[in-house]
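Below: the structure, in structure tokens.
The values are calculated or read from the model by the stated rules, or taken from the named source; none is laboratory data. From a predicted model like this one, the values you see are computed outputs, not experimental measurements. Glycine also receives a Cβ, built like all others from the backbone with ideal geometry; neighbour counts cover every protein chain displayed. When the accessible area is computed, the model is the full protein with side chains, heavy atoms only, and any ligands, DNA or RNA have been set aside. Shrake-Rupley method; radii C 1.70, N 1.55, O 1.52, S 1.80 Å.
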Amino acid sequence: MMSKVATLCYLLAAAYATKFVSSFTIPTLQSKTTATTSGNNQGQNYNLALDLLHPLRHSLYQPNVSARSNTFLQSQTTQADVTNTGTTTTPDIIGTVALLVPSSDQPSKFGSKSPVQPPSYREAAEQLARKIKQFSDGRIAAQVVTPSDVDTSSVLTSNALIALGLTTPQDVQFLSRTFRQRRTAGEEEQSSTQSLKMCQFAVDCGDNNYAPIVGPYDEANPSVVSEIAPWSDVASGKRLATQMKELFDKQTSDEFALALMLFCNRFIDKIPWVQHSIDVTWEKGLGNVEEIYNMVTKCGPCITKCLADENCKACIEALDEIDTRDQVASYRTVVSYESELLRDFSLCILQKNNIFGCTAEVPKIPYVKPLGAFRGEEMTKDIAKGIMIGHLEGCGDAALEGCKELDVSWKVACGANVAYDQFPSQNQLFYPSAKGDSMWYDPVFRVETIDGRNVWCKRHYRVRNEKVPGTFRFSVLDNGVTSDEFWTIVDVAEDLSWIVFHYAGAAGAVGQRYIGGLLCTPDGTLPPESEMEKIWDVLRSAEIEPWELFVVDNDDTSPGALEAGPPPLDFYRKTASVIG
């Protein structure tokens, strides 16, 4: 689950960061470095690193990346909210979002890669409101509204208004009037901080984009300041407007919620989900200089070795050509050039030295209740372990009755995370550690590289029991960065024909958080239709809608699978069975 993090590291440290250094700070850094390392060879290494970084410069800024109800979705209770006295706490609401959908239900463009029909705009918006709550830790309240509602006041009072799929004459007239009223109100409040806290977009509302507003930036009334003063709030709003539009256009719930988190974090208050950045940005100001100086002085030898290596440098240059917000494309690039030099590079900059001062905690919203019983027995840690092992051969008494003795525990049939679940051929191996009560988890999956090759990727997680049976803590060092994840067995068929997992994770060294869910089967195909409605309800209990899922291609006879060859399923297991 950590691929996007490593990619961002490579991109920033060896490409984007140097754009700022070479344009503004190289003389200062060189003088500091020379003073610090005078009289030894280390100073030469740092200067060599700068010399290698310098040619990669070509621009400064790269932007980062239930029942229906018309009431605001309030924060739900999580495990973290419950105190020893049994009382609960509700996070303070710092911002509001209104999602304006058509007066009559119409199919949306969401869920194009899911195993179900696309949701209506109303259904999609209701889930988007829940996703906004999840990503904001309950601090952003979202409301779904239609032009025909009796009370539509929230479209004028909310910090952000996002219109979705309005195309009928009556709805368009309401949308145009509402956008004009908000724009007028914003102009009247230009001298106040409140004007910075406004955002409005129209998505899939015909050919007219209705001139979005992001903070102080208004596309209908562009300011010359946004062009001549890139450090200004209005320039920041303009860049963010472009980024948000790209995220909205991808038509996934994760990227939709991410766009709104970026706005709230920039113009309302800090949102932990997107608070930290490892990119060079105008918003950081002189903080960029400090970060780059620390990179060179603390990790100079790693930078030098990486950029002196043809393969490592090629990876950095390739990453510089893509949008780091596209996590799938980013990871494809990394695996095309994956090496120990790249791993050491990110390990030094991110994990060991935390150059960017990032933190991240595993998300606690939504709280997902683990399966309480299996085959008529109360869930225990041993039963949960057997469920995880699933159908993997050679696990002895740890496996449960019904284990098919396959070369995998499970295969992912579909998943609910845009970054990970578009990869094909996803194999899962869960097996006991040779020492203690812990387990190992080895995901082995296929990636098409940027030059068209098909290769296998593999990772090796330590799995430990959490206090409640059916919940687990996963940890992995992936490309130099540690990821911490909380997994839950949500439900499983008694004959082990399918299982639903939920996971929530974080990579503190890069400030990244993520959530998702998986539907797995022994062979990676979807369960029979007769089972699907029950499974959809199980996913909904974890606040995942079926249309959010991405179907995984597990066809072993596809051209890509045949080119990649047999998957290296036992790569880690053959060693782990000996060393623990």
Ala373 being modelled with pLDDT of 95 or more and under 29 Å from Leu477 (Cα atoms): no
The lone exception for Leu406 - which of (1) surrounded by 18 or more Cβ atoms within 10 Å (Cβ to Cβ); (2) out of contact with any helix residue (DSSP H, G or I) (no Cβ under 6 Å at 6 or more places or on another chain) it fails: (1)
Residue satisfying condition, being open to solvent by 50 Å² or more (accessible area, probe 1.4 Å) and within 30 Å of Gln106 (Cβ to Cβ), within set Asp233, Asp207, Asp218: Asp207
Odd one out for Thr525, checked against (1) of a type in the set (S, T, N, Q); (2) out of contact with any Gly (no Cβ under 9 Å at 6 or more places or on another chain); (3) not in a loop (DSSP other than H, G, I, E, B): (3)
Sole residue being in contact with a Leu (Cβ under 7 Å, 6 or more places away or on another chain) and closer than 29 Å to Val362 by Cα, chosen from Ala241, Ala259: Ala259
Among residues of segment 216-259, those that are in contact with a Phe, Trp or Tyr (Cβ under 8 Å, 6 or more places away or on another chain), assigned to a helix (DSSP H, G or I) and of a type outside the set (Asp, Glu), counted: 18
Ala257, sole failed condition from (1) among the aliphatic types (A, V, I, L, M); (2) open to solvent by less than 30 Å² (accessible area, probe 1.4 Å); (3) at pLDDT below 95: (3)
Of all residues in segment 428-477 being β-branched (Val, Ile, Thr) and open to solvent by 40 Å² or more (accessible area, probe 1.4 Å), the one that is modelled with the highest pLDDT: Val468
The listed residue being in a helix (DSSP H, G or I) and either closer than 22 Å to Tyr420 by Cβ or in contact with a Lys or Arg (Cβ under 8 Å, 6 or more places away or on another chain) (or both), out of Val362, Val289, Val368, Val334: Val334
Residue in segment 378-389 that is in a loop (DSSP other than H, G, I, E, B), within 21 Å of the chain's Cα centre (by Cα) and not charged (D, E, K, R) present: no
Filtered residue count, segment 153-180, keeping only those that are open to solvent by 30 Å² or more (accessible area, probe 1.4 Å) and part of a loop (DSSP other than H, G, I, E, B): 3
Sole residue being outside any helix (DSSP H, G or I) and open to solvent by less than 10 Å² (accessible area, probe 1.4 Å), chosen from Ala141, Ala125, Ala129: Ala141
Options Ile499, Ile544, Ile535: the member that is modelled with pLDDT of 95 or more, over 28 Å from Val274 (Cα atoms) and buried (at least 23 other Cβ atoms within 10 Å of the Cβ): Ile499
Failed item, numbered, when Leu262 is tested on (1) modelled with pLDDT under 90; (2) assigned to a helix (DSSP H, G or I); (3) closer than 19 Å to Arg513 by Cβ: (1)
Close pairs from segment 564-577: first closer than 14 Å to Asn427 by Cα, partner part of a loop (DSSP other than H, G, I, E, B), Cβ under 6 Å, at least 6 apart: Leu569/Asp407; Tyr572/His460
So Thr521, is it open to solvent by 10 Å² or more (accessible area, probe 1.4 Å) and among the β-branched types (Val, Ile, Thr): no
Residue list for segment 219-259, filter: more than 28 Å from the chain's Cα centre (by Cα) and either under 16 Å from Leu100 (Cα atoms) or not hydroxyl-bearing (Ser, Thr, Tyr) (or both): Glu219, Ala220, Asn221, Pro222, Val224, Val225, Glu227, Ile228, Ala229
Residue within segment 478-485 that is open to solvent by 10 Å² or more (accessible area, probe 1.4 Å), closer than 22 Å to Ser330 by Cβ and part of a strand (DSSP E or B) present: yes
Single residue of Ala509, Ala561 found to be open to solvent by less than 40 Å² (accessible area, probe 1.4 Å), modelled with pLDDT under 95, among the aliphatic types (A, V, I, L, M) and outside any loop (DSSP other than H, G, I, E, B): Ala509
Extreme residue, surrounded by the fewest Cβ atoms within 10 Å (Cβ to Cβ), among residues of segment 188-204 that are part of a helix (DSSP H, G or I) and modelled with pLDDT under 90: Thr193
Pairs where the first residue, in segment 523-548, is closer than 22 Å to Val408 by Cβ and the second is of a type in the set (A, V, I, L, M), C-beta under 6 Å, 6+ apart: Gly524/Ala413; Leu526/Ala413; Val538/Val490; Val538/Val500
